[in-house]
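Colleague: Here it is: the structure, laid out below.
The values are calculated or read from the model by the stated rules, or taken from the named source; none is laboratory data. These figures come from a predicted structure and were not determined experimentally. Quick reminder, even Gly has a Cβ in these numbers, built from the backbone with ideal geometry, and neighbours come from all protein chains shown. What goes into the accessible areas is simple: the full protein's heavy atoms, side chains included, and nothing from ligands, DNA or RNA. Shrake-Rupley method; radii C 1.70, N 1.55, O 1.52, S 1.80 Å.
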Amino acid sequence: MGRAIPKLKDIALEAGVSQAAASLILRDAGRFSDETRAKVKRIAEEMGWRQNLLVKGIQTGKTQTVGVLAPPYDSFWSAILSGIQRELIDQKYIPITLWGSLALYTKGEPELNGEAREYNYKEGVDLINTLVDRRIEGLILWPEIARVYSDQFFKLIDRGLPVVLIDHEYPADKNADSVFTDEEHGSREVAEHLVGLGHRNIAYLGEATTEARRWQLLRRTYFKETLARYSDVVYSEYRMDPKERDAKRLAREILGREDRPTAIFCSTDHDALDVYWVAGEMGLRIPDDLSVVGYADLDFAVGMSPPLTTVRQQPFEIGHAASRLLLDRIARKGAFPESKSVKILSELVVRESTRAIQGS
């Protein structure tokens, strides 16, 4: 059987000092000789002593834990979680990360019957309470949770718990900070890229726009606005049914048109993958018959055939910035004059899924 982690009294006994003195020395406090300090710290290291942070949390009222409600849904969110964790751990904080199924966050939709909505709402609130019961010092949230359970977070914010949202905003008076991708820069780059290649019949394919998916609205809006500067561009847009993800059905509709677009901008790489699948099903070649652009630069994008032109987000930096905002608010005990937002740059990565119209 392995040795138990030594207690403070064991260190004090071995070093020949009082327990109070050992405690002060190991916290770099009190007035002691260099020799005594060195002896206590050496013995503590040799015995494998570690500070009991649970006890420290009780004593100070600071648990140095942060709740993170976000799922490792794909490489984008996994990288966000990595950025969150890196910054928190560097600052001696520990993230407690929880998530449910995606259905948990979307089944709060008003279209669902009351029983299903009530069940999923309770499950989500239980996740929140699991974190609060452990006396977390702050919360980092992803959009779907922030929307479905917003009334719960309003209560927590009103009680002074710091909250940071990723790709979502509460009303300014709610005093919650936010981190965003620069959707304008990336979307405008896509539009200019396609026009520059000579495309004049261009379609947009995106997911349903909801309150939680503000980024969808921004991508579509900036893309459409940029194309509107060119009088000879024919623009069309297709949005998925809010109750189901029907990208393949819409792709078949787009690619089956007699005046088929020569280029499609997909609001996510997942949607672009569906367009690839349907194009192959219909015997169309990318990029010879159709140029395709995605958004996010997920881990599979470069391995698609051909490699996907897409907008690269910076998820690790997004996670890092979210943690930094939260730690700043914790340090100030939530006392900011107003909500703060951080915008993270995106950039177009051109690969082989787009090409110039022949003759242009």
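Colleague: Stretch Arg332-Tyr73 to full length: gain in nm at 0.36 nm per residue minus the Cα-Cα span? List each step's numbers first, then the result.
Modeller: Numbers: separation 259, 0.36 × 259 = 93.24 nm, distance 3.21 nm.
My answer for the length gained is 90.0 nm.
Colleague: Taking 7 Å along the Cα-to-C-beta vector as the label spot, tell me the Gln358-Val132 distance in nanometres, rounded to one decimal.
Modeller: 6.4 nm
Colleague: Share of segment 147-300's accessible area from carbon and sulfur, percent, 1.4 Å?
Modeller: Values: 2940 of 6350 Å².
About 46 percent, which is the carbon plus sulfur part of the accessible surface.
Colleague: Round to the nearest 0.05 the FRET efficiency obtained for Lys224 and Arg257 when R0 = 30 Å and r is the Cβ-Cβ distance. Don't skip to the answer; put the middle values down first.
Modeller: Details: r = 19 Å, r/R0 = 0.62.
Step by step, r from the Cβ atoms, then E = 0.95.
Colleague: With contacts defined as alpha carbon pairs under 8 Å and 6 or more residues apart, what's the relative contact order of segment 193-265 in percent?
Modeller: Working: 83 pairs, mean separation 35.8, N = 73.
After rounding, I find 49 percent.
Colleague: Moving on. Mind checking segment 306-335 for trypsin sites (Lys or Arg not before Pro) that DSSP puts in a loop (not H, G, I, E or B) and that have at most 14 other Cβ atoms within 10 Å?
Modeller: On the way: sites: Arg312, Arg324, Arg329, Arg332, Lys333; in loops: Arg332, Lys333.
Counting only loop positions with at most 14 other Cβ atoms within 10 Å, the trypsin sites (Lys or Arg not before Pro) in segment 306-335 are Arg332, Lys333.
Colleague: Ignoring ligands, DNA and RNA, what accessible area per residue does segment 132-217 give at 1.4 Å, in Å²? Provide the component values of the computation, followed by the final result.
Modeller: Values: 2970 Å² over 86 residues.
That works out to 35 Å² per residue.
Colleague: Restricting attention to segment 169-241, which trypsin sites (Lys or Arg not before Pro) occupy a DSSP loop and are surrounded by at most 11 other Cβ atoms within 10 Å?
Modeller: Values: sites: Lys174, Arg188, Arg200, Arg213, Arg214, Arg219, Arg220, Lys224, Arg229, Arg239; in loops: Arg200, Arg213, Arg229.
Counting only loop positions with at most 11 other Cβ atoms within 10 Å, the trypsin sites (Lys or Arg not before Pro) in segment 169-241 are Arg229.
Colleague: Suppose all protein chains stay in the model; what accessible area per residue would a 1.4 Å probe give for segment 231-333, in Å²? The partial results should precede the final answer.
Modeller: Values: 4560 Å² over 103 residues.
With the other protein chains kept in place, segment 231-333 gives 44 Å² per residue.
Colleague: Projecting each Cα onto the charge dipole of segment 179-308 (Lys/Arg +1, Asp/Glu -1 at the beta carbon, about the Cα centre), which of Phe265, Ala251, Gly303 comes out farthest on the positive side?
Modeller: Value: Ala251.
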